[in-house]
Amino acid sequence: MTDVMDPARRLLLGACGLIGFFGLWAAISGSGLVAPTFLPGPLDVARRLVFLLTESFAGGTLLVHLWSSLQRFAAGYLLAAAVGVPLGLLMGRFRTLDDIVSPLFDGLRFIAPIAWVPFAALWFGTGFGGPVLIIFSGAFPPCLLNAYRGAKHVDPRYLEAAEMLGTPSGRIITEVLLPASVPSIIAGLRIGAGLGWQSLVGAELIVASTGVGYLMVQAQSAVSTTTVMVGMAAIGFIGVLIDVALRTIEARIHRRLGGA
Amino acid sequence: MSSIRFDAVGKSFGGGVLTLQDINLDVADKEFVAIVGPSGCGKTTCLRMAAGFDFPTSGRVLVGNSEVTKPGPDRAVVFQQFALFPWKTVTENIELGLRNKSVARDERKARVADAVAMIGLGGYENSYPHQLSGGMQQRVAIARAYVLDPQVLLMDEPFGALDAQTRVVMQEELVRLARLNPRTVLFITHGVEEAVYLADRVAIMTRRPGRIKEIVDVKSVRIAERWDSHSRIEDVMDLESFVHLRTHIWKSLREEKAGADH
Ligand SMILES: Nc1ncnc2c1ncn2[C@@H]1O[C@H](COP(=O)(O)OP(=O)(O)OP(=O)(O)O)[C@@H](O)[C@H]1O
Ligand SMILES: [Mg+2]
């Protein structure tokens, strides 16, 4: 009974939350107590969204800006995953590497991605590399940490079985540590995607000449608060899409492993 | 030459409480030795030291005259808890050791197929461990060790999770393989009959701290009484000489269990 009710219940409650939020927002902005530029109403934002889909602002339509943001995100994020996951697994397997990398990594990961902005600007100007560096610095730590923790927590029986079978180190990493750590790695990839996407927009506010973040800074200068809100909504929406995609992959892998 | 020698082995884990005390046991090349003893007396610990997963606190463990320093495919292990890789199919689990040895693909496939047939799991080649029963998983773990054709086999209650019928089939198969292609086997079991049926010698351990209490020679009786002329396990188990040895070991173990009540 509860199994059947649960998805419907969750959908209903979620809808209530959204309706409540938009209702409150519309009520406040429509009450005349605040100026429309101070807090634009939902309808104004929606109208602006439709406008920005076809009309160019700050060098392109909303989709053009989103597309260049996504390209940067993909580059920085894939780089973070491609370096972070293998390095984490290697550190989980080889004590020496762990001892070399850990102190450095522990220091670096507390430096917020946005703190890299001055150097991103210095090294890359407003080119492609700056935001990629910043996304990388946001997405890299969770990718590495989760792979590392996954590898550290692998049931020692599997490692013993692999060693007993004469499995060489490289193969232990790819055929034992990696599959055994998949749930942890995927969780890290999800957190990394979230942090990467967040830091991307932060980076574009400062070191880019396209992208959603850039669109928002330009809108701020032009005092177009509706455009700023369209940018915020787009960021949230794409963020949800990325997470849903990764969650689907996660669920598929869990099913494949039979919950093991 | 692949003998196993426990030379005055003592073992304590961290706290300092003695788990094993002065273990002296020689398993000769191609000899089959079974260890029986009360739960928690340190049987698995002995086997893990021969495998290279644990190391003695005092004394030495030697395999083929050199001290054991790490695990390796010359000493295949059947774990008490199987330790199959959940993300690998039956075939992939059995095949891994052969791939590590760089056995050519065709030969590998043939040997895996033989092993699968031996454990009676034809049709389950592409199943994952979680899709199999406990007994089926245990048979895969046995096949994974056998397929390597190792010099030394270390088996920790390998038939523990099997139903009586399957167990008998596996025991008879093990005896057949042992006669056909003898190798050094250290075999842990709770089943006294199984120990007497399979082993050349049976080592009886005391409860904590584990010591070797007595080593019973089965082989000389088996040869003198021509057990091998009976192909079926139940016929061997009916023989007076078998019953005599079994009862002797039972009594010896029983004293240990009774001692634990004090
Ligand atoms: N890694 C470990 N750390 C601490 N104590 C351990 C460890 N491994 C085993 N022991 C202790 O050593 C003793 C012997 O354990 P072992 O697993 O060898 O017993 P066993 O004879 O195989 O028992 P069973 O028949 O129940 O399998 C136990 O009392 C156990 O608590
Ligand atoms: Mg045990």
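Of all the residues that make up segment A:219-237, how many are touching a Ser or Thr at 6+ places or on another chain (Cβ under 8 Å) and surrounded by fewer than 21 Cβ atoms within 10 Å (Cβ to Cβ)?
Of the residues in segment A:219-237, 2 are touching a Ser or Thr at 6+ places or on another chain (Cβ under 8 Å) and surrounded by fewer than 21 Cβ atoms within 10 Å (Cβ to Cβ).
Matching residues to (1) over 21 Å from B:Lys251 (Cβ atoms); (2) in contact (Cβ under 8 Å) with a residue 12 or more places away in the chain; (3) outside the structural domain of B:Thr45 (by TED's automatic domain parsing):
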residue	(1), (2), (3)
B:Gln138	yes, yes, yes
B:Pro158	yes, yes, no
B:Gln165	yes, no, no
B:Glu172	yes, yes, no
B:Ala178	yes, yes, no
B:His190	no, yes, no
B:Val202	no, yes, no
Residue that is surrounded by fewer than 17 Cβ atoms within 10 Å (Cβ to Cβ), part of a helix (DSSP H, G or I) and within 25 Å of the chain's Cα centre (by Cα), where the choices are A:Leu53, A:Leu43: A:Leu53
All positions within segment B:23-47 that are among the small types (Gly, Ala, Ser), within 16 Å of ligand 1 (Cβ to nearest atom) and either more than 11 Å from B:Ile188 (Cβ to Cβ) or more than 12 Å from the chain's Cα centre (by Cα) (or both): B:Gly37, B:Ser39, B:Gly40, B:Gly42
Hits in segment B:2-36 (condition: on the phi > 0 side of the Ramachandran plot and either part of a loop (DSSP other than H, G, I, E, B) or at pLDDT 95 or above (or both)): B:Gly14, B:Gly16, B:Lys30
Complete set of residues in segment B:34-62 that are away from chain A (no Cβ under 13 Å) and away from ligand 2 (no atom under 16 Å from the Cβ): B:Phe55, B:Pro56, B:Thr57, B:Ser58, B:Gly59, B:Arg60, B:Val61, B:Leu62
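Does any residue of segment B:104-111 turn out to be surrounded by 15 or more Cβ atoms within 10 Å (Cβ to Cβ), more than 16 Å from ligand 2 (Cβ to nearest atom) and at pLDDT 85 or above?
Looking for residues that are surrounded by 15 or more Cβ atoms within 10 Å (Cβ to Cβ), more than 16 Å from ligand 2 (Cβ to nearest atom) and at pLDDT 85 or above, one finds at least one in segment B:104-111, hence yes.
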Test: residue in segment B:48-61 that is assigned to a strand (DSSP E or B), away from ligand 1 (no atom under 16 Å from the Cβ) and within 30 Å of B:Arg99 (Cα to Cα): no
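To keep it simple, each residue is scored yes or no on (1) under 26 Å from A:Ala203 (Cβ atoms); (2) touching an Asp or Glu at 6+ places or on another chain (Cβ under 9 Å).
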site	(1), (2)
A:Gly59	yes, no
A:Val83	yes, no
A:Leu90	no, yes
A:Thr96	no, no
A:Arg109	yes, no
A:Ala112	yes, no
A:Trp116	yes, no
Single condition B:Ala76 does not satisfy, out of (1) in a strand (DSSP E or B); (2) touching a Gly at 6+ places or on another chain (Cβ under 6 Å); (3) within 14 Å of chain A (Cβ to nearest Cβ): (2)
Single residue of segment B:116-161 satisfying the filter (in a helix (DSSP H, G or I) and of a type in the set (Val, Ile, Thr)) that is nearest to ligand 1 (Cβ to nearest atom): B:Ile142
Residue match in segment B:12-25 (condition: more than 16 Å from ligand 2 (Cβ to nearest atom) and of a type in the set (Phe, Trp, Tyr)): no
Unmet criterion (only one of (1) over 30 Å from B:Gly40 (Cβ atoms); (2) at pLDDT 95 or above; (3) in a loop (DSSP other than H, G, I, E, B)) for B:Phe85: (1)
Segment B:45-79: number of residues that are among the polar types (S, T, N, Q) and surrounded by 19 or more Cβ atoms within 10 Å (Cβ to Cβ): 1
Number of the exception - A:Phe38 against (1) aromatic (Phe, Trp, Tyr); (2) modelled with pLDDT of 90 or more; (3) not in a helix (DSSP H, G or I): (2)
Elements of type helices (runs of 4 or more DSSP H) in segment A:86-180, at least 3 residues being within 14 Å of chain B (Cβ to nearest Cβ): A:156-164, A:169-172
Residue that is nearest to the other protein chains (Cβ to nearest Cβ), among those in segment B:183-194 that are within 13 Å of ligand 1 (Cβ to nearest atom) and touching a helix residue (DSSP H, G or I) at 6+ places or on another chain (Cβ under 8 Å): B:Leu186
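The values are calculated or read from the model by the stated rules, or taken from the named source; none is laboratory data. Quick caveat, the model's predicted, so the values are computed rather than measured. Please note: Cβ atoms are built from the backbone with ideal geometry, for glycine as well, and neighbour counts cover all protein chains shown.
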